[in-house]
1. Out of PHE165, PHE169, report the one residue that is open to solvent by less than 30 Å² (accessible area, probe 1.4 Å) and free of Cβ contacts under 8 Å to residues at least 60 places away in the same chain.
2. Open to solvent by less than 20 Å² (accessible area, probe 1.4 Å) and over 19 Å from CYS9 (Cβ atoms): does that describe ASP98?
3. For segment 108-142, name all the residues that are under 26 Å from ILE92 (Cβ atoms), away from the ligand (no atom under 12 Å from the Cβ) and open to solvent by 10 Å² or more (accessible area, probe 1.4 Å).
4. Can you report the number of residues in segment 23-55 which are near the ligand (Cβ under 9 Å from one of its atoms), out of contact with any Lys or Arg (no Cβ under 9 Å at 6 or more places or on another chain) and open to solvent by less than 70 Å² (accessible area, probe 1.4 Å)?
5. Out of (1) touching a helix residue (DSSP H, G or I) at 6+ places or on another chain (Cβ under 6 Å); (2) under 19 Å from TYR151 (Cα atoms), the odd one out for ARG25 is which?
6. Given the conditions (1) touching a residue at least 60 places away in the same chain (Cβ under 8 Å); (2) acidic (Asp, Glu); (3) closer than 26 Å to ASN233 by Cα, which single one is not true for ASP141?
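The values are calculated or read from the model by the stated rules, or taken from the named source; none is laboratory data. This structure is a prediction, so every number in the text was calculated from the model and none was measured. A quick note on method: Cβ atoms are made from the backbone with ideal geometry, for glycine too, and the neighbour counts reach across all protein chains shown. Note: areas computed on protein heavy atoms with side chains; ligands, DNA, RNA excluded. Shrake-Rupley method; radii C 1.70, N 1.55, O 1.52, S 1.80 Å.
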Amino acid sequence: MLNDKAMKCFVTGGAGFIGSHLVDRLIADGHYVSIYDNFSVGKMEFINQHIKSDRFKLVKADLLDLPMLKKSIIGYDVVFHLAANPEARWGIENTELDLKQETIVTYNVLEAMRVGRVRRIVFASSGTIYGETPPLPIAEDYGPVLPISLYGAGKLASEGLVSAFCGTFSMQAWIYRFANVVGSRATHGVIYDFINKLKRNPRQLEILGDGSQCKPYLHVDDCVDGMLFGLKNASDRVNVFNLGCTTTTNVSKIADMLTEEMGLKGVVFRYTGGDRGWPGDVPQFMCNVDKASKMGWKARHTSDEAVRKAIKEILRKE
Ligand code: NAD
């Protein structure tokens, strides 16, 4: 669908971590971009570089405000829907969060698109929809998918809505099930948590679980690249892709890389114990990325390289 013609893109969550990198790339590629973000987590400093561009527009608003969303979304070629509750753990304390900030906001985006006759949606889903299900690595056609976190359930429900709107209202979708995405501007996640803990106490690091949790980490540049590759090269009614890399990194290794990059010696790692960081966490995960790979896309960085690069980028910014 994506071609060399300039597109009018509407990016929900465009002031957030992945969203702001996507916006950088879309603007660099010559497209028009409108961001819709409530700045609950997003930051002006991530998008300030575009404020004066005549190909950039900012709407500061909440996706739960459906009338505002309906008004704002008219006239766009494609919606990149990235706004969501960013942290799977938060659903443990507030069980309504993922229902509202995943499922309801996704319904609102789709309903606003239907009314405004916007036909194409790119949706940021997650590998958490698969739950804790061998065999690994999991391919896109694996089923039944049974998430074990409210976050994963919110993503799966959203995928269902995206598919249903496409089937009923002639819309087209690109659904990406991301691995763990890392890079500069991250405001959550394991690297961000560890850096903050080590800044508070450089002698000791608390590590949730037993440190053996092992997942693929995808650099944000690869993530954005993969999303745009799929959009350009896949043309089914609903296109579903795992977006990750073919290697994994465990949590203890991330702690080692981080202390090394921070130049800290003799840091004592204190493990909270158990096989996972929190209830609902999937400790061993690996997604199969053959589908994207057969079409010609591959992450440029291995998981370890992505983690190392992200650590350097985050530390440099600080
Ligand atoms: P992020 O929190 O940095 O960005 C989300 C943005 O959405 C923020 O700018 C926030 O202010 C905005 N937002 C949240 N709720 C909103 C609302 N109700 N109305 C308007 N704006 C709202 O998160 P991210 O890490 O960039 O993730 C982007 C997307 O990718 C999310 O959907 C997330 O679930 C998904 N995802 C991320 C990862 C990862 O590792 N970061 C992994 C899998 C999936």
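1. Numbers: PHE169 fails: open to solvent by less than 30 Å² (accessible area, probe 1.4 Å).
Exactly one residue qualifies, and that residue is PHE165.
2. On the way: open to solvent by less than 20 Å² (accessible area, probe 1.4 Å): yes; over 19 Å from CYS9 (Cβ atoms): yes.
Criteria met by ASP98.
3. Correct list: GLU132, THR133, PRO134, LEU136, TYR142.
4. Within segment 23-55, the first condition is being near the ligand (Cβ under 9 Å from one of its atoms), and the residues that meet it are 35-43, 46.
With the extra rule that they be out of contact with any Lys or Arg (no Cβ under 9 Å at 6 or more places or on another chain), the set shrinks to 40-42.
Restricting the remaining residues to those that are open to solvent by less than 70 Å² (accessible area, probe 1.4 Å) gives 41-42.
Result for segment 23-55: 2.
5. (2)
6. Result: ASP141 passes all but (1).
Quick grid of which residues meet (1) over 29 Å from ILE148 (Cα atoms); (2) of a type outside the set (Gly, Ala, Ser):
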site: PHE39; (1), (2): no, yes
site: MET44; (1), (2): yes, yes
site: ASN85; (1), (2): no, yes
site: TYR107; (1), (2): no, yes
site: SER125; (1), (2): no, no
